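Visitor: What follows is a single structure, and I will ask about it in a moment.
Read-outs throughout are calculated quantities, based only on the coordinates presented, and are distinct from any laboratory measurement. These numbers were taken from a predicted model, which means no experiment stands behind them. Here the Cβ positions follow ideal geometry from the backbone for every residue, glycine too, while neighbour counts run over all protein chains shown.
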Amino acid sequence: MTESNGTTTASNADGMPRRSFPVAFIYILNAIIGAALAIPTLIYLLVPPKGRKQSALVDAGDVSQLTPGVPVEMSFQVSRVDGWKALTEKRTAWVVKHTDNTIVAYGPQCTHLGCAYHYEEATKKFICPCHTTYFSIAGEVLSGPAPRPLDRYITKVENNRLMVGALKPVDGSKA
Amino acid sequence: MQKTKLQEIIDVIDDRTGIPSGISHFMGEDIPASSGWHQIFGSVAMFMILVQFFTGIMLAFNYAPTPGLAYDSLRYIMTEVTGGRLMRGLHHWGASMIIVIVVLHMIQVFIYGAYKKPREATWMVGVILLLLTLAYGLSGYLLAWDNRAYWGTVVTTQIAATIPGLGPYVSRLLASTGDIGVVTFARFYAAHVLLLPPITMMLIMLHVILVRRHGVAPQVGDELLPKKKFFPEQVFKDTVAIFIAFAILFTLAIAVRVPLERMADPTDTTYVPRPEWYFLFLFQTLKLFDGPLEVLGTVVFPTLAIVAMLAAPFIDRGKMVKVSQRFVAMGVVALAAIGWGGLTAAAVKSTPPQKASALIDFSGPTQWMQLKSGELSGIYFYKDQKCEVCHNVTAGSVAKNGPNLLGTGGRHPAAWMLDHFKNPQKGNPNSAMPAVNLTDDQMKDLASAMAALTEENGDLVATAPDFATHGASLYQKNSCAACHQLNGEGGEMGPPMNGLASRRTEAWVAEHFANPEKMSPGTPMPVYAFSKAEMDDVLQYLFTLPDKAPGK
């Protein structure tokens, strides 16, 4: 018997393997393996890690001396967990005591693309230098590309001390 | 026949890149008629390597490669990232399985004589790939940065340092001349993830090219039979084997917890380091040689074994014979297997049991470490009095005769509980509970343990190890808290117990219990005569306390 005698018996005339059973099986087994790896991987990468306890409100300072209508930048220490690391870091807030004595603490970043904004004494507005968004001291967008009012910290005043919690976006874009 | 749209696209891709016809050329390789199930190992090994690459990259996405943080981030992966424990399990068990599969691959090739001329180079590249696999194991072992990783690597690097002449240079290369530290860690990490993978990939490519160049080794009689195609029959067999291997790996990763021990502690004098199971035989070989002969075990024999493996095709230059007649090859494999098995068994047998405190899984619940000594002692009496026969302390568990005790502290004050322990029928005449047989102090501990059980931490009872509860009960019994602070409670006359592990050795503290005056002259601490078992538990308890009291 020679080699050439036998080789043709393994295939059909069109060159396709004769037995299709193992071929389908190969695809199925590979698909199962693929799914068994892909699904846990997506979960691993996309499901947020189990949260740890949010730290309670922290003391940001005395607010009894604030002048109504004049924003003041206050800084405070926050402890948080970043991945596997426990951090204590400095945060700042623009704190405004309104004329009705309510106190609001804004997050220090423009709601457009996260630049740091500052308060302009002359115009009595917050201005973001990146793309010239103006915010009123009530946090509203006056002009510029920012899509929503300034984000606010959850706050509470206890014995004239400003207690600051998490940062929350104010709902609703421009009215 | 009309070409389908898909076929047209494939044809264009083929014309421009040649990839589709390349794949069908690869799949259509001629293989000898004798090919079959015995040749699956190469494909399985390749698949397992790819799984290692994949899971390794996934782990790296959540991993900080520096000592200390490496441990924290791995713990984060295992306790907080969903699917993280599975990912580490796959990588850990995959490493062990690769060793098994690569060795089986080698044994098959050896027994079948497939390393003979003209396939010498294929075989030698394979031997180098085996060594690389071991190098992955060695370098990856350190990356968990727990006690096991640290102490295992200490021994490995010390062995490397004994190589005559080269030893000091190897040590310098591994940055292990002094202590195992940040630089050593960086070298091991870089080797594991930057150096070894590309080398492995290139050598695997070379290995496969060489297999293709010479074809799958035929057996005696194959020349008379028609050749087969690689696809689909052999591919089918390979795929089935890969599937089985993957199923085993996946099951191991889910079912067998890979523990994370205490963070690497270079001052721990009680830890018994042992290498990974596949290095135990080398470890044992070492013990056969003493003093100046040690170098035989550390360097000479391993080197000779590697040289012998590499040289196998040149030692055995005989013609291909039937597998069933390759007695010498089979004898060599059998001898190697017996030698390896014997040495490994001897190493396992000679391994002293690790202390319970060394085996605490830090990727599991460890809240019990935060408990006050009275609460932990109460858990001891809870078990001692067999309370769990009638009561549950985990949320959502099947009801037993007595009520679930979660949240008892919120429902009843301590005084009520003490009354209830002494006379269960006083509060509820129909109660079937027998009176608790404990002293007043012990009952107080039991009551404080009950008060500590809330909806979230009912597993405290199950997860607090026996040495800790027993140790805490002895701590309570001897009123240690009168003079010492522990987890924020107790007197301040003596030094605090938190942080004891970083200040003293266990031997020192044991001696101090027996003879305080000798260890610290002038101390008001009385002598404590513990039995051996008591001393063991007290020491392990004190040495597993958190370094700082919780909340400080």
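Visitor: Could you work out [θ]222 nm for chain B from helices alone, using -39500 (n - 2.57) per DSSP H run of at least four and dividing by all its residues? Round to the nearest 500 deg cm²/dmol.
Guide: Numbers: 25 runs with 307 residues, N = 552.
Taking each H run of at least 4 residues, the total per residue is -17500 deg cm²/dmol.
Visitor: Do any of B:K117/B:K322; B:K287/B:K349; B:K287/B:K532; A:K85/B:K548; A:K90/B:K372 go past 23 Å between their Cα atoms, and which?
Guide: On the way: B:K117/B:K322 16 Å; B:K287/B:K349 13 Å; B:K287/B:K532 30 Å; A:K85/B:K548 17 Å; A:K90/B:K372 33 Å.
Beyond 23 Å: B:K287/B:K532; A:K90/B:K372.
Visitor: Moving on to the next point. Within straight cross-link reach of A:K97, meaning Cα distance under 19 Å, which lysines are found once same-chain residues fewer than 8 apart are removed?
Guide: A:K124, A:K125, A:K156, A:K168
Visitor: Measuring from centroid to centroid over Cα atoms, what is the spacing of segment A:64-139 and segment B:139-217 in Å?
Guide: 52
Visitor: Please report A:I43, A:I28 as a ranked list, fewest other C-beta atoms within 10 angstrom at the top and most at the bottom.
Guide: Values: A:I43 15, A:I28 12.
The fewest-first ordering by Cβ neighbours comes to A:I28, A:I43.
Visitor: What FRET efficiency, computed as 1/(1 + (r/R0)^6) with R0 = 60 Å and r the Cβ-Cβ distance, is obtained for B:L173 and A:A122, rounded to the nearest 0.05?
Guide: Details: r = 65 Å, r/R0 = 1.08.
After rounding to 0.05, the efficiency reads 0.40.
Visitor: When Rg is the radius of gyration of the Cα atoms in the protein assembly as shown and Rh is its Kirkwood radius, what does Rg/Rh come to?
Guide: On the way: Rg = 34.2 Å, Rh = 32.2 Å.
Radius of gyration relative to Kirkwood radius: 1.06.
Visitor: If you place +1 on the Cβ of every Lys and Arg, -1 on the Cβ of every Asp and Glu, and leave all else neutral, what size is the dipole of the protein assembly as shown about its Cα centre, to the nearest 20 Debye?
Guide: Values: 61 positive and 57 negative charges, 261 e Å.
Rounded to the nearest 20 debye, it is 1260 debye.
Visitor: Go from 0 up to the bin containing the longest alpha carbon distance in segment B:161-236, width 5 Å each, and give me the % of pairs per bin.
Guide: 3, 12, 11, 13, 11, 9, 8, 7, 7, 8, 7, 3, 1
Visitor: Compute the Rg to Rh ratio over chain B from the alpha carbon atoms, using the Kirkwood formula for Rh, and round to two decimal places. Before the final figure, lay out each step's value.
Guide: On the way: Rg = 30.7 Å, Rh = 28.2 Å.
Here Rg/Rh amounts to 1.09.
Visitor: Calculate the spin-label point distance for A:R152 paired with B:V272, positioning each point 7 Å from the Cα along the beta-carbon direction, and give it in nanometres.
Guide: About 6.4 nm separates the two model spin labels.
Visitor: When the Karplus curve 6.51 cos²θ - 1.76 cosθ + 1.60 is applied with θ = phi - 60°, which whole-Hz ³J(HN,Hα) does each residue of segment B:91-107 get, with x for Gly and Pro?
Guide: Running phi through 6.51 cos²θ - 1.76 cosθ + 1.60 with θ = phi - 60° gives 5, 5, 6, x, 4, 5, 5, 4, 4, 4, 5, 4, 5, 4, 4, 5, 4 Hz.
Visitor: Treating segment B:446-495 as a set of equal point scatterers at the Cα positions, no solvent, please give the Debye-formula log₁₀ I(q)/I(0) at q = 0.15 Å⁻¹.
Guide: Once normalised to I(0) and log-transformed, intensities are -0.50.
Visitor: Out of A:V81, A:V141, A:G114, whose Cα points farthest toward the positive end of the dipole of segment A:58-168 (charges: +1 Lys, Arg; -1 Asp, Glu; placed on Cβ)?
Guide: A:V81
Visitor: For an R0 of 22 angstrom, estimate the FRET efficiency from the Cβ-Cβ distance between B:F53 and B:A247 and round to the nearest 0.05. All intermediate terms of the calculation are to be shown ahead of the outcome.
Guide: Values: r = 20 Å, r/R0 = 0.90.
Step by step, r from the Cβ atoms, then E = 0.65.
Visitor: Using Cα-Cα distances under 8 Å and only pairs 6 or more residues apart, what relative contact order does chain B have, in percent?
Guide: Values: 660 pairs, mean separation 83.6, N = 552.
Reported as a whole number, the value is 15 percent.
Visitor: Output the direction-averaged projected area (hull surface divided by four) of the convex hull of the alpha-carbon atoms of segment B:103-238, in nm².
Guide: So the Cα hull casts an average projection of 11.2 nm².
Visitor: How many nm is it between the label spots at B:V398 and B:L225, if each spot is 7 Å from the Cα in line with the beta carbon?
Guide: Spacing of the two 7 Å Cα→Cβ label points: 5.6 nm.
Visitor: For segment B:71-155, compute Rh as the Kirkwood radius over C-alpha pairs and then the Stokes-Einstein diffusion coefficient at 20 °C and 1.002 mPa s; write the answer in µm²/s, rounded to an integer.
Guide: Values: Rh = 15.1 Å.
So the translational diffusion coefficient is about 142 µm²/s.
Visitor: Return one number: the angle in degrees, 0 to 90 and rounded to the nearest 10, between the long axis of the Cα atoms of helix B:69-79 and the longest principal axis of the Cα atoms of chain B.
Guide: 90
Visitor: Using alpha carbon centroids, what distance separates segment B:400-433 and segment B:475-524, in Å?
Guide: The two parts, judged by their Cα centres, are 36 Å apart.
Visitor: Compute the relative contact order of segment B:29-359 as a whole-number percentage, counting only Cα pairs closer than 8 Å that sit 6 or more residues apart in sequence.
Guide: 31
Visitor: Using the Karplus curve 6.51 cos²θ - 1.76 cosθ + 1.60 with θ = phi - 60°, what ³J(HN,Hα) values do you get for each residue of segment B:325-332, in whole Hz, with x for Gly and Pro?
Guide: Listing the rounded values in order: 10, 8, 5, 4, 4, 5, x, 4 Hz.
Visitor: Hey, another quick one. Averaged over every viewing direction, what's the projected area of the C-alpha convex hull for segment A:87-175? Give it in nm², one decimal, please. Walk me through the numbers before you get to the answer.
Guide: Working: hull surface 27.1 nm².
One quarter of the hull surface, i.e. the mean projection, equals 6.8 nm².
Visitor: On the principal axes of its Cα set, how long, how wide and how thick is segment B:480-552? Give whole Å, largest value first.
Guide: 34, 26, 19
Visitor: Using a Cα-Cα cut-off of under 23 Å, which lysines could be cross-linked to B:K422, ignoring same-chain neighbours fewer than 8 residues away?
Guide: Reachable lysines: B:K383, B:K386, B:K400, B:K444, B:K477.
Visitor: I've got another one for you. Could you work out Rg/(2.2 N^0.38 Å) for segment B:354-455, with Rg from alpha carbons only?
Guide: The reported ratio for this selection is 1.14.
Visitor: Rounded, prolate or oblate, given the Cα gyration tensor of segment B:197-242, with a/c below 1.5 counting as rounded?
Guide: Values: a/c = 3.16, a/b = 1.53, b/c = 2.07.
Note, shape of segment B:197-242 comes out oblate.
Visitor: Can you compute the radius of gyration and Dmax for segment B:214-301, using only the Cα atoms, both in Å?
Guide: Rg, Dmax (Cα atoms, Å): 23.5, 68.
Visitor: Give me the mean projected area, in nm² to one decimal, of the convex hull enclosing the Cα positions of segment B:15-170.
Guide: Details: hull surface 58.0 nm².
Hull-based average projected area comes out at 14.5 nm².
Visitor: On C-alpha positions alone, give me the angle between the axis of helix B:120-141 and the longest principal axis of chain B, in degrees, nearest 10.
Guide: Around 10 degrees separate the two axes.
Visitor: Between Rg and the Kirkwood Rh of segment B:367-543, both from Cα atoms, what is the Rg to Rh ratio? It would help to have the intermediate numbers written out before the result.
Guide: Details: Rg = 17.7 Å, Rh = 17.3 Å.
Taking Rg over the Kirkwood Rh, I get 1.02.
Visitor: Once you keep just the Cα pairs under 8 angstrom separated by 6 or more residues, what percentage relative contact order results for segment B:432-552?
Guide: 28
Visitor: With label points built 7 Å along Cα→Cβ from the Cα atoms of A:I39 and B:K117, find their separation and express it in nm.
Guide: Reported label-point gap for A:I39 and B:K117 is 5.5 nm.
Visitor: With axes computed from alpha carbons, what is the tilt in degrees of helix B:235-255 against the longest principal axis of chain B, rounded to the nearest 10 within 0 to 90?
Guide: Result, in degrees: 10.
Visitor: Once the Cβ-Cβ distance between B:S24 and B:M201 is put in as r, and R0 is 22 Å, what FRET efficiency do you end up with, to the nearest 0.05? Don't skip to the answer; put the middle values down first.
Guide: On the way: r = 23 Å, r/R0 = 1.07.
According to the calculation, E is roughly 0.40.
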